[in-house]
Amino acid sequence: QVQLVESGGGLVQAGGSLRLSCAASGSIFTIMLMGWYRQAPGKQRELVATITSGSNTNYADSVKGRFTISRDNAKNTVYLQMNSLKPEDTAVYYCILYSPPTSYWGQGTQVTVSS
């Protein structure tokens, strides 16, 4: 069983910053990828950023240059530094961990950006 605990969400004004964290625990053998997705009201869940075990990163075009994903392998933790936040970044942010053949999801953390 794998548990993902997210933290760092909240309310921030446009132009501000937040840092999300996601700590994984449990029976983890191989972590191939960790990352973040988000889901805004009335919209589908979408990829925000991912990072592989080899530290290769992938970002949605909408967040490139503003968000940075990183990970601490020793702590099985992934971070998302979000700068220059916009109201359209408002969503529930979900952590994902892919340990073949299973994907695990966190419960989500709310990020609200006011204009």
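Residues Val5, Val78: which one is touching a Cys at 6+ places or on another chain (Cβ under 6 Å) and aliphatic (A, V, I, L, M)? Exactly one residue qualifies, and that residue is Val78. Taken over region 87-100, the criterion of being farther than 17 Å from Thr50 by Cβ and either assigned to a strand (DSSP E or B) or out of contact with any strand residue (DSSP E or B) (no Cβ under 6 Å at 6 or more places or on another chain) (or both) is satisfied by Glu88, Val92.
Lys43 meets all of the listed conditions (1) among the basic types (Lys, Arg); (2) surrounded by fewer than 14 Cβ atoms within 10 Å (Cβ to Cβ); (3) touching a helix residue (DSSP H, G or I) at 6+ places or on another chain (Cβ under 9 Å) but one, namely (3). Any residue in region 97-111 that is at pLDDT 95 or above, among the β-branched types (Val, Ile, Thr) and in contact with a helix residue (DSSP H, G or I) (Cβ under 7 Å, 6 or more places away or on another chain)? Yes: one or more hits. Among the residues making up region 101-115, those that are part of a loop (DSSP other than H, G, I, E, B) and either open to solvent by 50 Å² or more (accessible area, probe 1.4 Å) or in contact with a Gly (Cβ under 6 Å, 6 or more places away or on another chain) (or both) are Pro101, Gln107, Ser115. Within region 41-54, does at least one residue satisfy the condition of being under 20 Å from Thr90 (Cα atoms), among the polar types (S, T, N, Q) and part of a strand (DSSP E or B)? Yes: one or more hits. What tally of residues in region 46-61 results from selecting those that are open to solvent by less than 60 Å² (accessible area, probe 1.4 Å) and either hydrophobic (A, V, I, L, M, F, W, C) or more than 13 Å from Tyr98 (Cβ to Cβ) (or both)? Matching residues across region 46-61 total 7.
With respect to the conditions (1) open to solvent by less than 70 Å² (accessible area, probe 1.4 Å); (2) modelled with pLDDT of 95 or more; (3) among the small types (Gly, Ala, Ser); (4) part of a loop (DSSP other than H, G, I, E, B), Ser70 falls short on a single one, namely (4). What do you reckon, is Asp89 among the acidic types (Asp, Glu) and open to solvent by less than 20 Å² (accessible area, probe 1.4 Å)? Yes, satisfied.
The values are calculated or read from the model by the stated rules, or taken from the named source; none is laboratory data. Since this is a predicted model, take the numbers as computed values, not measurements. Note: ideal-geometry Cβ built from the backbone for every residue, glycine included; neighbour counts use all protein chains shown. Note: areas computed on protein heavy atoms with side chains; ligands, DNA, RNA excluded. Shrake-Rupley method; radii C 1.70, N 1.55, O 1.52, S 1.80 Å.
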